[in-house]
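The structure appears below as structure tokens.
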Amino acid sequence: MKIVMPQDQVFWSLKYPLAPACRENITTDVAIIGGGMAGLAAAQAFRKHGKKVVLLEQNYCGAGATGKSSGFITPNAELSFTDFSKRYNPEKAHQIWDFITSGVTDIRNNIQQANFHCDYVPQDTLMVANNYSALKKLEIEYHNLAKFGYQTNFYNQATVQQYLGSKSYLGGVSYEQTFSINGYLYCQALKQQLQKFGVTIFEETMVTKLSDHVLTTPHAQITADYIVVCTDRFMPELNLLNQAVYHAQTFLMISEPLTANQAQTIFPKEKLLVWDSDLVYSYFRLTSDQRLLLGGSSLLKTYATNPEHDSKFMYKKLTNYLATKFPGLNIQFKQMWPGLIGLSKDIAPLAGRDQNRPFLYYITASAGLPIAAALGRYSAENLLTNNTDLDDYFSPYRPCLINGPLQSLLGTKLSFALSNMLCR
Ligand SMILES: Cc1cc2nc3c(=O)[nH]c(=O)nc-3n(C[C@H](O)[C@H](O)[C@H](O)COP(=O)(O)OP(=O)(O)OC[C@H]3O[C@@H](n4cnc5c(N)ncnc54)[C@H](O)[C@@H]3O)c2cc1C
């Protein structure tokens, strides 16, 4: 049977007018490169400290991973509380988790205080298990979260079935006080708010060179006391952290609006943000206009060098996933797009000052919207008030198993694939 593919483009098309491109030389206190979640949060934080801020975005705010994302705002993006506990110790994991959760709070506060129109839907997150070993891990996650007083519940197979109309999941753990957004609309709303508060934002302005305190763009130069580079997976394109940053690919599809019956079959009780806990996981949620957003990847596609468009393989994989979990729903998908997420070798973010140029700060490989927001705020605290509480966890120079000559021998893709698997 011939497959009719969804349209190959991001669903939420450009609706907001672009800010102008930079055409004259400027001197400022702070220059920020990148208008995604991290860059906009950094701009906001520096402005709150009274600094003159210029933000440069090569495309439009939200054009990167943030605006392509599924918009789950929950602390458990790529790494769970238990993952952090294993790496450090439970107390340190607690500190990191609180930091990530502060990103959830920052995003919510922005939306509520300025009434952002960004499809904000409060709903809990449910991480579900497809097999018994995943279930065991979720039980441990539940106990670790509960021990530190985080609001959570453990759902056995029967309880999961009350929340998801599927017999396939063996159990789940909940993360509460979470919500979803449309990442593109959030970025554009925050852009407009920052402009009102005096931040200068340039879109269609790519930084092509960074030397000392000077940034070069196609038509002008910007000179800044502090520079914060928030370019996520594009970091190596600026010749920064070349060996430390790569990316992972994930795909997202959006359906036609579901009928009340279809929506009720998937979520019999209430809307939830659902991730499964497989190594390469799938995720889904409903938008406020009842469209199903369904995402995921495959080991074969995760480390692709470039985004893969019109992937029949991924379309089949994701629709099969849905048909297996929720048989007989016959949901029609309208659009499907690939997205690349900046990734470090141990999957935790990289953030900190350049080792030779202390005025230069990097935020990359956040692998999650809340942590990107929290790191944006932290960059201002670090550079302006010398807050170094979290520097050790996120240092861009932290050691990793595969590096230097071994990485050159194996190549970037294999080095990252092996490192990511070894650290799980
Ligand atoms: C399909 C998909 C689904 C996802 N779902 C979720 C989810 O549900 N929840 C979650 O927490 N995370 C999710 N993520 C991950 C999350 O989107 C990212 O981790 C996060 O958006 C990173 O934010 P950022 O600001 O660091 O990067 P980006 O949003 O990528 O921003 C970087 C910006 O820098 C700009 N830029 C790059 N180079 C230059 C240059 N030289 N000059 C000027 N500008 C430049 C880019 O155009 C871009 O706008 C998802 C990602 C994808 C792709």
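The values are calculated or read from the model by the stated rules, or taken from the named source; none is laboratory data. Just so you know, these numbers come straight off a predicted model, no measurement behind them. Here the Cβ is made from the backbone with ideal geometry for all residues, glycine too, and neighbour counts use every protein chain on show.
Do you know which residues across the range 258-279 are under 16 Å from residue 180 (Cβ atoms), more than 16 Å from the ligand (Cβ to nearest atom) and not in a helix (DSSP H, G or I)? Don't jump to the end; show me each part of the working.
Just the residues of the range 258-279 that are under 16 Å from residue 180 (Cβ atoms), to begin with: 258, 263, 266-267, 270-275.
Subsequent filtering for residues that are more than 16 Å from the ligand (Cβ to nearest atom) retains 258, 263, 266-267, 270.
Selection gives 258, 267, 270.
If the condition is being closer than 18 Å to residue 80 by Cα, touching a strand residue (DSSP E or B) at 6+ places or on another chain (Cβ under 9 Å) and either in a helix (DSSP H, G or I) or not hydrophobic (A, V, I, L, M, F, W, C) (or both), then the range 374-392 contributes only 375. Could you tell me which residue of the range 285-301 is nearest to residue 338 (Cα to Cα), considering only residues that are within 12 Å of the ligand (Cβ to nearest atom) and in contact (Cβ under 8 Å) with a residue 60 or more places away in the chain? Only one residue tops the list, namely 295.
Just the residues that are surrounded by 21 or more Cβ atoms within 10 Å (Cβ to Cβ) and not in a strand (DSSP E or B), please, taken from the range 288-310.
297
Condition check: within 14 Å of the ligand (Cβ to nearest atom) and touching a residue at least 60 places away in the same chain (Cβ under 8 Å). Does residue 219 satisfy that? Spelling it out, residue 219 is indeed within 14 Å of the ligand (Cβ to nearest atom) and touching a residue at least 60 places away in the same chain (Cβ under 8 Å). A search for C-beta distances below 7 Å between a residue of the range 83-97 that is part of a helix (DSSP H, G or I) and any residue that is surrounded by fewer than 19 Cβ atoms within 10 Å (Cβ to Cβ), counting only pairs 6+ apart in sequence or on different chains, returns 94/148. Among the residues of the range 394-407, those that are within 18 Å of residue 422 (Cα to Cα) and of a type outside the set (D, E, K, R) comprise 399, 400, 401, 402, 403, 404, 406, 407.
Taking each residue of the range 190-203 that is of a type in the set (Val, Ile, Thr) and looking for partners that are assigned to a loop (DSSP other than H, G, I, E, B) and at pLDDT 95 or above with beta-carbon atoms closer than 6 Å, six or more apart or interchain, yields 201/19. Within the range 315-367, being of a type outside the set (Phe, Trp, Tyr) and assigned to a helix (DSSP H, G or I) holds for 316, 317, 318, 319, 320, 322, 323, 324, 325. Taking the listed residues 111, 73, 96, the one that is within 9 Å of the ligand (Cβ to nearest atom) and of a type in the set (Val, Ile, Thr) is 73, with no other qualifying. With respect to the conditions (1) under 29 Å from residue 295 (Cβ atoms); (2) out of contact with any strand residue (DSSP E or B) (no Cβ under 7 Å at 6 or more places or on another chain); (3) in a loop (DSSP other than H, G, I, E, B), residue 41 lacks only one, and its number is (3). Residues considered: 301, 325, 271, 317. Of these, the only one that is over 28 Å from residue 2 (Cβ atoms) and of a type outside the set (Phe, Trp, Tyr) is 271. Within the range 44-70, being more than 6 Å from the ligand (Cβ to nearest atom), part of a loop (DSSP other than H, G, I, E, B) and surrounded by fewer than 22 Cβ atoms within 10 Å (Cβ to Cβ) holds for 49, 50, 51, 52, 60.
Against the numbered list (1) closer than 20 Å to residue 8 by Cβ; (2) within 19 Å of the chain's Cα centre (by Cα), residue 322 comes up short only at (2). If the condition is being part of a helix (DSSP H, G or I) and more than 12 Å from residue 368 (Cβ to Cβ), then the range 98-123 contributes 98, 102, 105, 106, 108, 109, 110, 111, 112, 113, 114.
Determine, yes or no, whether residue 78 is within 6 Å of the ligand (Cβ to nearest atom) and of a type in the set (Asp, Glu).
Details: within 6 Å of the ligand (Cβ to nearest atom): no; of a type in the set (Asp, Glu): yes.
Spelling it out, it is not the case that residue 78 is within 6 Å of the ligand (Cβ to nearest atom) and of a type in the set (Asp, Glu).
Only one entry of 380, 348 meets the criterion of being surrounded by 20 or more Cβ atoms within 10 Å (Cβ to Cβ) and touching a helix residue (DSSP H, G or I) at 6+ places or on another chain (Cβ under 6 Å), and that entry is 380.
Of note, residue 250 does not satisfy the criterion of being outside any strand (DSSP E or B) and buried (at least 22 other Cβ atoms within 10 Å of the Cβ). Only one of these is more than 25 Å from residue 12 (Cα to Cα) and modelled with pLDDT under 95: 353, 377, 398, 357. Name it. Only one candidate qualifies: 398.
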